[in-house]
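Undergrad: Questions regarding the structure given below will be posed in turn.
Laboratory data are not the source of any read-out in this text; all were calculated from the coordinates shown. Computed from a prediction, not measured in an experiment: that's the story for all the values here. With ideal geometry, Cβ positions are generated from the backbone for all residues, glycine too; neighbour counts draw on all protein chains shown.
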Amino acid sequence: MRRKIVGFDRDDESHWRVELDCGHFQHVRHDPPLNTRPWVLTEEGRASRLGLELDCKRCDEEARETETTAR
């Protein structure tokens, strides 16, 4: 499910993650790996991504679980 990026923060291990408008957080160092996302390393790069949409893996998982439970 596509969600807008509303912010960035770091987890307990200092890995960058995006905050999505659904309230979920998603790491940006995986899928694809960080080396294909060098923009995350600069404040300007992160700011340039605000408002863009990204697939939220947790929303997708929750939708699948709801679908399975409804059957």
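Undergrad: Of 54, 41, how do they rank once you tally other Cβ atoms within 10 Å and put the fewest first?
TA: The order, fewest Cβ neighbours first, is 41, 54.
Undergrad: Counting helices only, and only those DSSP H runs with n ≥ 4, report the 222 nm mean residue ellipticity of the chain as the sum of -39,500 (n - 2.57) divided by its residues, in deg cm²/dmol to the nearest 500.
TA: -7500 deg cm²/dmol
Undergrad: What angle do you read, to the nearest 10 degrees and between 0 and 90, between the alpha-carbon axis of helix 57-70 and the longest principal axis of the chain?
TA: 0 degrees
Undergrad: Length gain on complete extension for the stretch residue 1 to residue 47, per 0.36 nm per residue less the alpha carbon to alpha carbon distance?
TA: Extra length from residue 1 to residue 47 when fully extended: 14.4 nm.
Undergrad: Here's something else I'd like to know. Provide 16, 39 in ascending order of the number of other Cβ atoms located within 10 Å of each residue's Cβ, fewest first.
TA: Taking fewest neighbouring Cβ atoms as first place, the list is 39, 16.
Undergrad: Another question, then. What does the extension gain come out to for residue 10 and residue 54, with contour length at 0.36 nm per residue minus their alpha carbon separation?
TA: Answer, rounded to one decimal: 14.1 nm.
Undergrad: Taking only the Cα atoms of the chain, how large is their convex hull per residue, in Å³?
TA: 93 Å³
Undergrad: Is there a quick way to get the dipole size of the range 2-70? I mean about its Cα centre, with the Cβ of Lys and Arg at +1 and of Asp and Glu at -1; what is the value in debye to the nearest 20?
TA: Dipole of the range 2-70, to the nearest 20 debye: 260 debye.
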